[in-house]
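Each value in this text was obtained by applying a stated rule to the coordinates, not by laboratory testing. Only a predicted model underlies this, so the values are computations on that prediction, with no experimental measurement involved. Cβ placement follows ideal geometry from the backbone for every residue including glycine, while neighbour counts extend to all protein chains displayed.
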Amino acid sequence: MCGIVGYVGHRQAAEVILDGLKRLEYRGYDSAGLVISDSERVLNVMKRAGKLKVLSDAFRTQPLTGTLGLGHTRWATHGKPNDINAHPHLSEDGKLAVIHNGIIENYLPLRARLSAEGHTFASETDTEVLVHLIEAHYQGDLVAAVQAALREVHGAYAIVVSHADHELIVAARATSPLVIGLGQGENFVASDVPALLPYTREVIFLRDGDMALLAKDGVTVTDFGGVVLRRDSAIIDWDAEAAEKGGYPHYMLKEIFEQPVVLQNTLGGRLAANGTDVTLELSLDPASFNRVVITAAGTAYYSGLVGEYLIEKLARLPVEVEVASEFRYREPVIDSRTLVVVVSQSGETIDTLEALREAKRQGAHTLAILNAKGSSISREADDVLYIHAGPEIGVASTKAYMAMLAAFELLAIWLGRARGTLSAALAAELIAELRHTPALVEAALKAREQVAAIAEAFKGKSDYLFLGRGVNFPTALEGALKLKEISYIHAEAYATGEMKHGPIALIDDDMPVVAIATASALYDKTVSNIQEVRARDGIVIALASEGDEAIKAHADYVITAPRTMELISPMVNVVPLQLLAYETAARLGLDVDQPRNLAKSVTVE
Ligand code: M6R
């Protein structure tokens with residue numbers, strides 16, 4: 001949460017910062033600000049509540065020049081999103097600027113002490129205590145002052161600091177991500193890679209407890225005590241264009257349409273030539289554990305629910321799935337015979353990261369299913385299975401979910417084959433169908449027109465119900481989450497068979513019910529449940545397999561999905577539901593890529 005960009009070099013810093021913030025705006029977008037050190041070594045600040053565009057527009061009318069600067073997009077934790085609470089925060093003499101992502105947990109006692117010592121606070125933020133604390137310790141050495149201040153704070157944070165008297169940026173990381181970009185006669189710091197891609201591919205991912213001192217001619221990484229650390233750089237192979245909209249009106253739509261290619265990348269090289277096995281470069285020994293626990297947040301959690309179904313079915317291992325924010329606090333019963341799988345697009349979600357740490361403390365072997373390379377989770381997990389979805393910018397996750405599902409398919413087949421619970425014949429059938437998934441998802445995208453008509457008809461509704469069962473119950477959950485997130489329409493999901501135990505009371509002739517009724521072992525039971533909805537005048541939107549003519553008699557609207565194996569169907573069925581959310585939000589004129597109150601990676605608890 002919150003986007004940070006810092007620059008020191010030969011270019012106009014504000015241009016680099018505003019461009020970088022634009023690429024990071026998915027991290028937070030309730031206010032934005034920047035500070036530029038000019039040729040007279042004066043810090044000039046501009047901050048605005050609202051989207052980055054408000055700041056950019058203000059900047060165009062009153063540009064700030066200088067070759068060193070810091071910028072920030074905020075996702076408010078402490079204090080309303082207004083101009084004053086926006087970052088950067090400056091010392092009273094205007095010479096010291098601080099930008100911060102995360103939470104300073106002991107800010108209240110620090111604020112009380114500093115106020116008593118005569119410091120005057122301008123904002124309601126936790127961040128501002130850092131400014132006063134660094135200022136209190138500053139005696140000409142900026143690095144020493146930052147170190148001394150950080151010894152007094154605790155929490156999860158990333159900060160960048162500059163001072164008018166130094167051509168230097170000091171960055172420090174305690175849990176919240178920071179990445180350094182290395183250039184020629186210029187250097188960059190940002191909270192995520194997309195901000196750096198137009199300028200450099202050579203990066204250093206800072207680790208917890210790292211400080212970086214950025215000058216235009218070099219970067220030094222130390223610990224918080226000043227001991228120099230060796231940190232190797234990595235080369236990022238992401239395509240800068242992949243992080244652009246590429247002609248689509250929104251990133252989310254682009255990312256939905258990228259899913260066939262994403263599947264090729266996730267599956268690529270992992271389906272063995274013999275047709276009955278998958279190849280995963282994992283160190284874990286499938287014979288060494290007797291249980292699997294999957295933990296994650298949001299959409300990644302729903303992919304874990306599909307994973308549960310697949311692993312239990314194909315590898316015959318008991319699986320539990322839990323949201324990471326609960327898992328870490330309830331003393332989970334796990335040991336060295338438990339495989340703990342964490343799932344995350346960003347690799348920075350604090351709940352998931354802490355759940356991973358808890359699992360490691362309990363002695364479990366940990367496997368991360370991840371998109372972002374170099375992320376905190378990637379460094380701490382025992383094994384990583386990358387999903388190769390590429391940069392996902394839309395706050396509502398789509399292509400990463402698709403790639404997570406593909407990763408769970410691979411993992412379940414791999415475990416099943418290794419444990420002897422999955423026959424070569426079924427493995428061959430699944431693998432052949434997996435090879436076909438890019439084409440299936442491509443075909444599923446063709447439902448856009450059908451979906452658009454439904455979105456148009458129901459865009460004014462305030463509630464939706466989603467029903468799915470078996471491996472597609474998580475698909476219903478994900479469909480409801482997508483609609484909630486971007487259209488602000490209340491949507492609930494239930495296991496279809498559970499509807500009669502309560503939610504059926506909600507059915508009337510006003511609320512659309514999206515029922516997943518694609519080919520499955522429980523198709524007939526699903527149709528019976530749909531009839532129960534219709535018998536109560538409910539509006540049924542059925543998602544049915546191609547060629548299912550019979551469903552028309554039971555539904556007001558039918559969305560057609562390509563026919564596939566039930567175990568593969570979540571990958572196909574989620575596509576029309578993503579499109580339904582998109583088409584609804586777009587029709588309502590809402591901000592699809594940056595829905596209110598959300599942020600792309602949630603790095604606070
Ligand atoms: O980066 P992660 O996959 O760990 O993020 C987890 C959730 O915060 C994320 O999936 C969130 O629910 C999305 N907004 C869903 O669209």
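Using just the helices of the chain, give the 222 nm mean residue ellipticity in deg cm²/dmol: DSSP H runs with n ≥ 4 each add -39,500 (n - 2.57), and the total is spread over all residues, rounded to 500. Please list the in-between numbers first.
Numbers: 17 runs with 206 residues, N = 605.
Here the helix-only value at 222 nm equals -10500 deg cm²/dmol.
Residues with beta-carbon under 14 Å from that of S325, excluding S325: net charge, scoring Lys, Arg +1 and Asp, Glu -1? Walk me through the numbers before you get to the answer.
Numbers: positive: R328, R330, R357; negative: E322, E326, D351, E354, E358, E605.
So the surrounding residues net to -3.
I need the peptides 120-129, 71-80 ranked by packing, meaning the mean over residues of other C-beta atoms within 10 angstrom, with the highest value on top.
Details: 120-129: 20.0, 71-80: 22.8.
Ranked from most to least packed, the peptides come out as 71-80, 120-129.
May I ask what percent, to the nearest 5, of DSSP beta bridges between residues of the range 255-443 are antiparallel? Display every interim value, and only then the final one.
Numbers: 1 of 22 bridges.
Restricted to the range 255-443, the bridges split so that about 5 percent are antiparallel.
With +1 assigned to the C-beta of every Lys and Arg and -1 to the C-beta of every Asp and Glu, and no other charges, what is the dipole magnitude of the range 445-587 about the Cα centre in debye, to the nearest 20?
220
Below 13 angstrom from the Cβ of S423, what's the summed charge of the other residues (Lys, Arg +1; Asp, Glu -1)? Don't jump to the answer; show the numbers that get you there.
Values: positive: K313, R316, R417, R419; negative: D277, E429.
The answer is +2.
Any idea what diffusion coefficient the chain gets from Stokes-Einstein, in µm²/s, Kirkwood Rh on alpha carbon pairs, 4 °C, 1.567 mPa s?
Details: Rh = 25.3 Å.
Estimated via Stokes-Einstein, D reaches 51 µm²/s.
For the pair R419 and E15, how long in nm is the line joining their label points, each one 7 Å along Cα→Cβ?
The two pseudo-label positions are separated by 5.7 nm.
Once you list every other residue whose beta carbon is under 9 Å from the beta carbon of M511, what net charge do they have if Lys and Arg are +1 and Asp and Glu are -1?
On the way: positive: K461; negative: D463, D508, D509, D510.
Here the count lands on -3.
Which lysines have a Cα lying under 16 Å from the Cα of K80, excluding residues fewer than 8 positions away in the same chain?
K47, K51
For the range 517-591, what ratio Rg/Rh do Cα atoms give with a Kirkwood hydrodynamic radius?
Values: Rg = 13.5 Å, Rh = 13.3 Å.
Result for the range 517-591 is an Rg/Rh of 1.01.
How big is D, in µm² s⁻¹, for the range 243-358 by Stokes-Einstein at 20 °C and 1.002 mPa s if Rh is the Kirkwood radius over C-alpha pairs? Walk me through the intermediate numbers first.
On the way: Rh = 16.3 Å.
D, rounded to a whole number, is 131 µm²/s.
Determine the shape class of the range 3-244: with a ≥ b ≥ c the square roots of the Cα gyration tensor eigenvalues, call it rounded for a/c under 1.5, and otherwise prolate if a/b is greater than b/c, oblate otherwise. Show your work: numbers first, answer last.
On the way: a/c = 1.45, a/b = 1.18, b/c = 1.23.
Verdict is rounded for the range 3-244.
Considering only DSSP beta bridges where both residues belong to the chain, give the percentage that are antiparallel (nearest 5). Kindly include the intermediate steps, with their values, before the conclusion.
Numbers: 62 of 104 bridges.
Here the share of antiparallel DSSP bridges comes out near 60 percent.
Which whole-Hz ³J(HN,Hα) couplings does the range 536-541 yield from phi under the Karplus relation 6.51 cos²θ - 1.76 cosθ + 1.60, θ = phi - 60°, glycine and proline marked x?
Going residue by residue, I get 10, 6, x, 8, 9, 10 Hz, with x marking Gly and Pro.
Which loop-located GluC sites (Glu not before Pro) does the range 6-40 contain, where loop means any DSSP state but H, G, I, E or B and the Cβ has at most 10 other Cβ atoms within 10 Å? Don't skip to the end; give the middle numbers.
Numbers: sites: E15, E25, E40; in loops: E40.
Here the sparse-neighbourhood loop sites are E40.
With a Förster radius of 51 Å, plug the Cβ-Cβ distance of E202 and E546 into 1/(1 + (r/R0)^6) and report the FRET value to the nearest 0.05.
Working: r = 48 Å, r/R0 = 0.94.
With R0 = 51 Å, the Cβ-Cβ based efficiency is 0.60.
Report the full-extension gain for the segment W238 to F224: residue separation times 0.36 nm, less the Cα-Cα distance, to one decimal in nm.
Numbers: separation 14, 0.36 × 14 = 5.04 nm, distance 3.10 nm.
Length difference between fully extended and current span is 1.9 nm.
On a 22 Å Cα-Cα criterion, which of the cross-link pairs K459/K484; K399/K459; K482/K600; K360/K484 come out too long?
Details: K459/K484 12 Å; K399/K459 24 Å; K482/K600 13 Å; K360/K484 34 Å.
As for pairs spanning more than 22 Å Cα to Cα, those are K399/K459; K360/K484.
Given axes a ≥ b ≥ c from the Cα gyration tensor, I'd like to know whether the range 445-587 is rounded (a/c under 1.5), prolate (a/b larger than b/c) or oblate.
Details: a/c = 1.37, a/b = 1.07, b/c = 1.28.
Because its axes are fairly even, with a/c under 1.5, the range 445-587 counts as rounded.
Evaluate the distance, in nm, between pseudo-label points positioned 7 Å from the Cα of Q62 and of Q362 along their respective Cα→Cβ axes.
The two pseudo-label positions are separated by 5.5 nm.
Quick one: which residues, 5 or more positions from D277 or on another chain, have an amide H under 5 Å from its amide H? H modelled 1.01 Å from N in the peptide plane, none for Pro or chain starts.
Those lying under 5 Å, H to H, from D277 are A272.
Would you mind classifying the range 255-443 by shape? Square roots of the alpha carbon gyration tensor eigenvalues, ordered a ≥ b ≥ c; an a/c under 1.5 is rounded, otherwise it is prolate if a/b is larger than b/c and oblate if not.
Values: a/c = 1.90, a/b = 1.16, b/c = 1.63.
Here the range 255-443 falls in the oblate category.
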